[in-house]
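J.: Take this structure, written in structure tokens, and hold onto it; I'll ask about it next.
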Amino acid sequence: MILFFLRSFEGLSQKKYSSKTLIKYSTLSLGIGSSHFSGDIGALNNIEAIRWNINCSYTYTLNPAIHLGIAASYIRLSGDDFYANNDLDFIRNLHFRNDLKQISTFLEYHPLDYTTDFRKRLNLSPYLLVGIGYYIHNPQAKLPVSFGNQQWINLEPYHTEGQGVNIIYPEPYKLSGITIPSGIGLRYRYNKVIDCSFEVTYHSIFTDYLDDVSSIYPNTGLFSNQIGVALSNRSREPIAANTGIDRNTNVIKYLNDNNLPNTNPFNSSHVAFGAIGTNRGSKNGNDAYITTSLKIQFLIPNKKIRCPQISNE
């Protein structure tokens with residue numbers, strides 16, 4: 001995809017800029033912004049799940065309109081059923097955090113910027129971007145309060161949906177993958193060699209396990225570790241591990257609304273509380289995430305700009 005755009009735009013640029021002296025330049029950028037997760041735990045409009053990202057990047061101007069770049073990002077994603085709008089998700093009581101380390105290469109297209117001298121570039125320049133990247137990740141959650149240790153632990157080794165425990169369940173998911181970032185941005189010229197920009201990027205990925213949730217509740221009788229059993233079905237925890245808040249009132253309300261016995265709200269016999277084979281997540285589509293970033297960019301000319309000679313006469 002990137003090669004296609006690159007060849008197309010290079011062809012156009014040769015026609016558009018061949019008769020002019022083009023002063024090419026590079027940029028070094030530092031950015032910080034928000035991150036928003038879309039998956040089985042949480043949605044993009046969940047304010048409580050908004051987290052952060054930091055990033056740096058380098059770009060090179062192929063021509064004023066086309067920039068080729070490489071970026072490195074550290075992105076924290078999060079989600080918690082405690083804040084879910086859906087009652088069944090609240091009952092499910094799962095949560096996670098995941099720190100992604102990501103590198104990517106990308107193309108920026110600035111459709112309004114045609115000047116061949118970067119010192120005369122537009123004060124405001126909207127742009128589009130598309131790229132391909134590679135990330136590593138490792139979803140985590142807090143142990144139940146009953147364990148007496150509220151540390152964050154890695155979820156993948158505990159096979160919470162039976163991955164790799166038995167042939168009837170999927171293989172363990174991978175802790176790395178490919179991402180396709182695409183987005184929009186607006187660049188503001190601060191002075192001749194400094195720009196500020198704001199961009200929003202949607203990251204498509206090819207896994208449903210950034211939050212460690214995808215399919216059904218497994219048969220935990222096949223598990224060899226009690227921590228794995230506890231992390232697989234958390235609907236019977238009276239205290240939400242991530243927030244430390246009592247869940248009793250809301251769970252009783254759910255039971256009353258659905259004509260279920262409420263004398264023991266965390267009774268394991270309630271079908272709604274994670275029975276084997278019932279939905280733990282949704283198989284409809286992969287996870288995704290959005291990042292926003294406010295960047296400061298330092299422009300570095302690749303061609304020396306000669307200053308006028310001062311005569312001694």
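The values are calculated or read from the model by the stated rules, or taken from the named source; none is laboratory data. Computed from a prediction, not measured in an experiment: that's the story for all the values here. Every residue, glycine as well, gets a Cβ built from its backbone with ideal geometry; the counts of neighbours run over all protein chains shown.
J.: Here is a list: 104, 125. Which entry is of a type in the set (S, T, N, Q), in a strand (DSSP E or B) and surrounded by fewer than 23 Cβ atoms within 10 Å (Cβ to Cβ)? Before the answer, list the steps.
T.: Working: 104 fails: surrounded by fewer than 23 Cβ atoms within 10 Å (Cβ to Cβ).
It is 125.
J.: For the structure I just gave you, tell me whether residue 186 is surrounded by 16 or more Cβ atoms within 10 Å (Cβ to Cβ), hydrophobic (A, V, I, L, M, F, W, C) and either touching a Phe, Trp or Tyr at 6+ places or on another chain (Cβ under 9 Å) or part of a helix (DSSP H, G or I) (or both).
T.: Considered against the rule, which asks whether it is surrounded by 16 or more Cβ atoms within 10 Å (Cβ to Cβ), hydrophobic (A, V, I, L, M, F, W, C) and either touching a Phe, Trp or Tyr at 6+ places or on another chain (Cβ under 9 Å) or part of a helix (DSSP H, G or I) (or both), residue 186 comes out as no.
J.: Another question, if that's okay. So which residues in the range 124-177 are of a type in the set (Lys, Arg) and closer than 16 Å to residue 95 by Cα, if there are any at all?
T.: 142
J.: Here is a follow-up. Do we have any residue at all in the range 88-111 that's more than 16 Å from the chain's Cα centre (by Cα), at pLDDT below 90 and over 30 Å from residue 198 (Cβ atoms)?
T.: yes
J.: Take residue 84 and decide whether it is surrounded by fewer than 16 Cβ atoms within 10 Å (Cβ to Cβ) and small (Gly, Ala, Ser).
T.: Working: surrounded by fewer than 16 Cβ atoms within 10 Å (Cβ to Cβ): no; small (Gly, Ala, Ser): yes.
In short, no.
J.: Restricting the search to the range 213-254, which residues are small (Gly, Ala, Ser) and within 18 Å of residue 281 (Cβ to Cβ)? Step through it out loud before you land on a result.
T.: Residues of the range 213-254 small (Gly, Ala, Ser): 214-215, 221, 224, 228, 230, 232, 235, 240-241, 244.
Correct list: 214, 215, 228, 230, 232, 235.
J.: Something else: Taking interchain pairs and intrachain pairs at least six residues apart, which have beta carbon atoms under 6 angstrom, with the first residue in the range 46-72 and within 27 Å of residue 94 (Cβ to Cβ) and the second in a loop (DSSP other than H, G, I, E, B)?
T.: Filtered contacts from the range 46-72: 49/42.
J.: Can I ask one more? Let me confirm something: among 54, 41, 2, which residue is under 22 Å from residue 129 (Cβ atoms), in contact with a strand residue (DSSP E or B) (Cβ under 7 Å, 6 or more places away or on another chain) and at pLDDT 90 or above?
T.: Working: 41 fails: under 22 Å from residue 129 (Cβ atoms); 2 fails: at pLDDT 90 or above.
Matching residue, one of 54, 41, 2: 54.
J.: Going through 157, 181, 172 one at a time, which residue ends up being within 26 Å of the chain's Cα centre (by Cα) and either in a helix (DSSP H, G or I) or at pLDDT below 95 (or both)? Break it down into steps so the answer makes sense when it comes.
T.: Numbers: 181 fails: either in a helix (DSSP H, G or I) or at pLDDT below 95 (or both); 172 fails: either in a helix (DSSP H, G or I) or at pLDDT below 95 (or both).
Result: 157 is the single residue among 157, 181, 172 that is within 26 Å of the chain's Cα centre (by Cα) and either in a helix (DSSP H, G or I) or at pLDDT below 95 (or both).
J.: Something else about it: What number of residues in the range 143-157 are touching a residue at least 40 places away in the same chain (Cβ under 8 Å) and surrounded by fewer than 16 Cβ atoms within 10 Å (Cβ to Cβ)?
T.: As a first pass, look at the range 143-157 and keep what is touching a residue at least 40 places away in the same chain (Cβ under 8 Å): 143-147, 150, 152-153, 155-156.
Keeping just the survivors that are surrounded by fewer than 16 Cβ atoms within 10 Å (Cβ to Cβ) gives 145-147, 150, 152-153.
Residues that pass the stated criteria total 6.
J.: Among the candidates 65, 72, single out the residue that is of a type in the set (A, V, I, L, M), surrounded by 15 or more Cβ atoms within 10 Å (Cβ to Cβ) and either within 30 Å of residue 215 (Cα to Cα) or touching a Ser or Thr at 6+ places or on another chain (Cβ under 8 Å) (or both). Please lay out each step first, then the result.
T.: On the way: 72 fails: surrounded by 15 or more Cβ atoms within 10 Å (Cβ to Cβ).
Within the list 65, 72, the selection yields 65.
J.: Collect the residues in the range 47-97 that are assigned to a strand (DSSP E or B), in contact with a Gly (Cβ under 9 Å, 6 or more places away or on another chain) and closer than 22 Å to residue 160 by Cα, keeping them in residue-number order.
T.: Correct list: 77, 78, 79, 80, 95, 96, 97.
J.: Just for the range 210-231: of the residues that are among the hydroxyl-bearing types (Ser, Thr, Tyr) and either free of Cβ contacts under 8 Å to residues at least 60 places away in the same chain or surrounded by 20 or more Cβ atoms within 10 Å (Cβ to Cβ) (or both), which one is nearest to residue 278 (Cα to Cα)? Don't jump to the end; show me each part of the working.
T.: Kept after step one, since they are among the hydroxyl-bearing types (Ser, Thr, Tyr), are these residues of the range 210-231: 214-215, 217, 220, 224.
From the residues that got through so far, the ones that are either free of Cβ contacts under 8 Å to residues at least 60 places away in the same chain or surrounded by 20 or more Cβ atoms within 10 Å (Cβ to Cβ) (or both) too are 214, 217, 220, 224.
Values: 214: 12, 217: 6, 220: 13, 224: 21 Å.
Going through the qualifying residues, I end up with 217.
J.: Return the residues of the range 122-142 that are more than 17 Å from residue 68 (Cβ to Cβ) and touching a residue at least 60 places away in the same chain (Cβ under 8 Å); say none if nothing qualifies.
T.: Those that are more than 17 Å from residue 68 (Cβ to Cβ) and touching a residue at least 60 places away in the same chain (Cβ under 8 Å): 122, 123, 124, 126, 135, 137, 139, 141, 142.
J.: Test residue 264 against the stated conditions and say whether it is polar (S, T, N, Q), in contact (Cβ under 8 Å) with a residue 60 or more places away in the chain, within 27 Å of residue 145 (Cα to Cα) and out of contact with any Lys or Arg (no Cβ under 9 Å at 6 or more places or on another chain).
T.: No; evaluated as a whole, the condition is false for this residue.
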